[in-house]
Amino acid sequence: MATHRFIPTAYHNVIGSLSPALHIADSDTVITETLDAAGYDKDGIQRASGPNPMNGPIFVEGAERGDSLKVEILGMVPTRDTGFTRSVVAGNVVEPEDVRTLPPSDRAIWQIDREALTARLAEPVAGLQSFVLPLAPMIGCFGVAPSLGQAISTATSGESGGNMDYRLLGPGTTIWFPVSAAGALFFLGDCHAVQGDGEIVGTGIETTFEVTVRLSVEKKKIIWPRGETADDIFTIGNARPLDQALQHATSEMLRWLTSDYGLDKTAASHLLGQVVRYDVGNVFDPAYTMACRVSKAWLRR
């Protein structure tokens, strides 16, 4: 189980069956530095174009179609003192008659204190002069090559992951992606210092990170991404409209509860009917993201 420091020489605006930039063994660890969503590095130099340029792909030995790639997010360290967001909510998250009254959505710069691990607006607006946020690092866009040789834009998401922007996808979380190509072909980028549910201004606080992940192959077939934190398990559906994303996430959770937790569909339905929590990942991009989450307190393998 080796550790690799991966320094990309090229970046990609699609997740697909591209030539591997790095080969690793099953259960190896990778440390890499990401660009921000617009392609700028930790020194403010533009290395690639947006949206969401990805590092990779990383070929994991032994991963075959029908397997799962287990991704453990071991650490995320901010590498820059600034980040950016858009300044106004997106038109698709408000009532149509309110779209006309929204102000222009300009780029806003945030100051990141890497010692205090906080962020604040560089030029605070009225009412937010004391608005200071604790950092909550997360990976906005990552995943594996989709099936049939497809190349999926990093602006959107699907069964193989992509631009999901779910705030629980940070340090301490494990996520599994369905493998559809030899080696899985794992991509990573678009990290956020902070982001609310839905990414409703079209960004999180977009900045650069050093990210550490461990990549392992499991001989288990899944359809949609699955994840686990210290407290919960969750499944992710990516689609539009939002109800279709919810359906994908719920069906994947039913499959997980019946295969791993000894519940039939009736028992799983009773459980979900009373304790499920639904989190919105992204409602800005072409595919929306919904997570179906269950506390481990209710589960026994």
* To do: Kindly provide the helix-only [θ] at 222 nm of the chain, computed as the sum of -39,500 (n - 2.57) over DSSP H runs of four or more divided by all residues, to the nearest 500 deg cm²/dmol?
  => -3500 deg cm²/dmol
* Structure fact -> Its Cα gyration tensor gives the range 2-120 an equivalent ellipsoid whose semi-axes in whole Å, largest first, are 33, 20, 14
* Label of the coordinate-derived value, Rg and Dmax of the Cα atoms in Å, listed as [x] 20.0, 67; [y] 18.9, 56; [z] 19.9, 63 -> [y]
* Mean accessible surface per residue for the chain, computed with a 1.4 Å probe while every protein chain stays in place, in Å² -> 44 Å²
* Between T118 and K219, what is the FRET efficiency for a Förster distance of 45 Å, r being their Cβ-Cβ separation, to the nearest 0.05? -> 0.55
* Asked: Using only Cα atoms, what Kirkwood radius does the range 199-269 have, in angstroms?
  -> 14.8 Å
* **Diffusion constant of the range 1-65 at 37 °C, which comes from Stokes-Einstein with the Kirkwood Cα-pair radius and 0.692 mPa s, µm²/s** => 257 µm²/s
* **Listed residues V77, V211, V93, most fluctuating in the chain (Gaussian network, C-alpha, under 10 Å)** => V93
* Structure fact -> Per GNM of the chain with C-alpha springs under 10 angstrom, the most fluctuating residue out of K70, K265, K219 is K265
* Asked: So, with a 1.4 angstrom probe, what is the percent of accessible area on the chain that is carbon and sulfur?
  -> 53 percent
* How large is log10 I(q)/I(0) at q = 0.21 Å⁻¹ when the Debye formula is applied to the Cα atoms of the range 237-300, each weighted equally and without solvent? -> -0.79
* Structure fact -> At q = 0.10, 0.16, 0.21 Å⁻¹, the log10 of I(q)/I(0) for the range 169-297 from a Debye sum over equal Cα scatterers comes to -0.35, -0.91, -1.44
* Say we join alpha carbon atoms closer than 10 Å with springs in a Gaussian network model of the chain; which of A184, A116, A37 then has the biggest fluctuation? -> A116
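The values are calculated or read from the model by the stated rules, or taken from the named source; none is laboratory data. Here the structure is a predicted model, which is why all the values come from computation and not from measurement. Methodologically, a virtual Cβ is constructed for each residue, glycine included, from the backbone with ideal geometry; neighbour enumeration extends over all protein chains shown. Note: accessible area is taken over every heavy atom of the protein model, side chains too, but ligands, DNA and RNA are not part of it. Shrake-Rupley method; radii C 1.70, N 1.55, O 1.52, S 1.80 Å.
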